[in-house]
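Just below is one structure, and these are the notes that go with it.
The values are calculated or read from the model by the stated rules, or taken from the named source; none is laboratory data. If you're wondering where the values come from, they're calculated on a predicted model, not measured in any experiment. When we count neighbours, we look across all protein chains shown, and the Cβ atoms used for this are built from the backbone with ideal geometry, even at glycine. These accessible areas exclude ligands, DNA and RNA; they are computed on the full protein's heavy atoms, side chains included. Shrake-Rupley method; radii C 1.70, N 1.55, O 1.52, S 1.80 Å.
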Amino acid sequence: MTALAAHAPARPAGPLAASLTFAWRSLLKIKHVPEQLGDVIGIPILFTLLFTYLFGGAVSGSTHQYLQYLLPGTLALAVVFVTVYSGVTLNRDLTTGTFDRYRSMPIWRPAPVVGALIGDLGRYLLAAGLVVGLGFAMGYRARGGALGVLAAVALVMLFASALSWVWTTLGLVLRTPTAVMNLGFVVLFPLTFVSNVFVAPRTMPTWLRDVADANPISHLVTTARALMNGAATSHQILGVIATSAAIMIVFAPLTTLLYQRRQ
């Protein structure tokens, strides 16, 4: 009996343990191939520096004044742009056959997808940290203090986590990682630029202003600005949370269904 007990099969990992294992795998991939962080580092620095010093004088009269308006916008923009790589990475694992090996493993089926998305939170946090750190170095001042900044970062990461489910859905539908990346940026560029990230919508033509005002990115940026300035309302915060929840309610089950069908 002792010999049989010693060789008894181990219990399969539960959903949480399996997901965290795949999250750790995602982080280890960054450790072994740090070049893949080029976008996470480059996008925050490029957009914050470029737009501040290129348009600051023309838009606000001074780069310092424009930075106070711009930084919460580039915080949201940088993190949102990084989310597309969730779908790219998933599609790459599918096309290279990595996920085929998981079919024979006694794990919760969605664990590879959920775990990868948990691991991507590290990317989002790094991008957000770079924007905030660079912004303070350039002279940004948050009237809402450290708590306001942390709350804004947390809200942006929540929205980004929800949005990443859209790209994982595309990653399961499209054929190549390049197709996922191209379509992702085709969607993200107008979504982020036709918003209040760079300029106030009141300066736009009426038809474009209506689009910008309805844009969920605009609502996210408005709330982030308010949090960092210490003037956010519960209505603004709950609005972003509700939008994030709505995205997840639609795309998380869709991603899970598509992934299970590939099994």
Ala246-Gln260 pseudo-label distance in nm [points 7 Å out on the Cα-to-Cβ vector]: 2.6 nm
In Å², nearest 10: area of Met181 left accessible to a 1.4 Å probe: 60 Å²
The chain: calculated mean residue ellipticity at 222 nm from DSSP helix runs of at least 4, using -39500 (n - 2.57): -26000 deg cm²/dmol
Gap separating the Cα centres of the stretch 231-263 and the stretch 163-197, nearest whole Å: 16 Å
Solvent-accessible surface (1.4 angstrom probe) belonging to His235, in square angstrom, nearest 10: 150 Å²
Quotient of C-alpha Rg and 2.2 N^0.38 Å, computed over the chain: 1.13
Dipole of the chain, positive direction: furthest Cα of Ala245, Leu227, Val113, with charges on the beta-carbon: Val113
Net dipole in debye of the chain [+1 Lys, Arg Cβ; -1 Asp, Glu Cβ; about Cα centre; nearest 20]: 460 debye
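What's the ranking of 195-201, 221-227, 48-54, 136-142 by average number of surrounding C-beta atoms within 10 Å, highest first? Present the calculation step by step, with values, prior to reporting the outcome.
Working: 195-201: 19.7, 221-227: 24.3, 48-54: 17.3, 136-142: 14.9.
Top of the packing list down: 221-227, 195-201, 48-54, 136-142.
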Per-residue ³J(HN,Hα) for the stretch 68-81, Karplus 6.51 cos²θ - 1.76 cosθ + 1.60, θ = phi - 60°, Hz, x for Gly and Pro: 5, 7, 6, 4, x, x, 6, 4, 5, 4, 4, 5, 5, 5
